[in-house]
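Report on the structure given below.
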Amino acid sequence: MDDEPVKIAEVSAKLSLRHVVITSVTRDDLPDKGARQFARTIDEVRRLNKGITVEVLTPDFSGSVESIRRVAEKKPEIYNHNIETVPRLYKKVRPQADYKRSLELLKLVKEFYPAIITKSGMMVGLGEEKGEVIGVMKELRNVGCDVLTIGQYLMPTKNNLPVIEYVEPEVFEFYKQEGEKIGFKSVESGPFVRSSYNARMINNKF
């Protein structure tokens, strides 16, 4: 783990990447929830890759303000934390997470460093209603979230939650239009959209 940041930076250089997305699994087993590793990786990537832009996709760090600040102070161009679903479905979809805590993370990043582009993503097809999705959009904008991605939930294995609905393309287009009306600077919405979908193109818009 100690040499992971350097290895990621070296691979980024070998591939001549111009935009890199740094993410991790939840590391609540670590005292800082993994924030130090994010910070070190950002430093190393920038050291070996001049001109590269950096996006982080982080867990919620159990709401630790210190951990959130530790990553944000490295000023990644984009700070992404996925809200994933509507509040009503959180206990079923994200039993270890907290909807308000995720909103608070995005709010804190924007308060600490307003120039950082904040981003979040949702999966639909889990039984949510259109009005609930719009409600989440509005709450994300209220905490200053700039970019939103919406994609179709697909069941990774038979042990995961089943797909309740395969959302029609016109509904994804509806969400995109509504998101733009609400004030997001960029909305990517479609069946195959994921949180890092067109990541560099989105960054270039800013």
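The values are calculated or read from the model by the stated rules, or taken from the named source; none is laboratory data. Computed from a prediction, not measured in an experiment: that's the story for all the values here. Cβ atoms come from the backbone with ideal geometry, glycine included; neighbour counts cover every protein chain shown.
Of the listed requirements (1) under 25 Å from V65 (Cβ atoms); (2) without any contact (Cβ under 8 Å) to a residue 40 or more places away in the chain; (3) out of contact with any Lys or Arg (no Cβ under 9 Å at 6 or more places or on another chain); (4) buried (at least 16 other Cβ atoms within 10 Å of the Cβ), C145 misses just one: (3).
Has segment 71-79 got at least one residue that is surrounded by fewer than 21 Cβ atoms within 10 Å (Cβ to Cβ) and at pLDDT below 95? Checked against the condition, which is being surrounded by fewer than 21 Cβ atoms within 10 Å (Cβ to Cβ) and at pLDDT below 95, segment 71-79 yields no hits at all. If you check G151, G135 for being buried (at least 19 other Cβ atoms within 10 Å of the Cβ) and either assigned by TED's automatic domain parsing to the domain that holds I22 or in contact (Cβ under 8 Å) with a residue 40 or more places away in the chain (or both), only one passes: G151. In segment 66-93, of all residues being aliphatic (A, V, I, L, M) and in a helix (DSSP H, G or I), the one that is farthest from the chain's Cα centre (by Cα) corresponds to L89. Per the conditions (1) crowded, with 17+ Cβ neighbours inside 10 Å; (2) assigned by TED's automatic domain parsing to the domain that holds E188; (3) over 25 Å from Y175 (Cα atoms), the sole criterion not satisfied by S67 is (2). When F192, F172 are checked against the criterion of being assigned to a helix (DSSP H, G or I) and in contact with a strand residue (DSSP E or B) (Cβ under 7 Å, 6 or more places away or on another chain), a single residue qualifies: F172.
Within segment 24-77, being at positive phi and among the polar types (S, T, N, Q) holds for one residue alone: S62. For segment 1-36, filtered to residues that are assigned to a loop (DSSP other than H, G, I, E, B) and aliphatic (A, V, I, L, M), the residue that is farthest from T53 (Cα to Cα) is L30.
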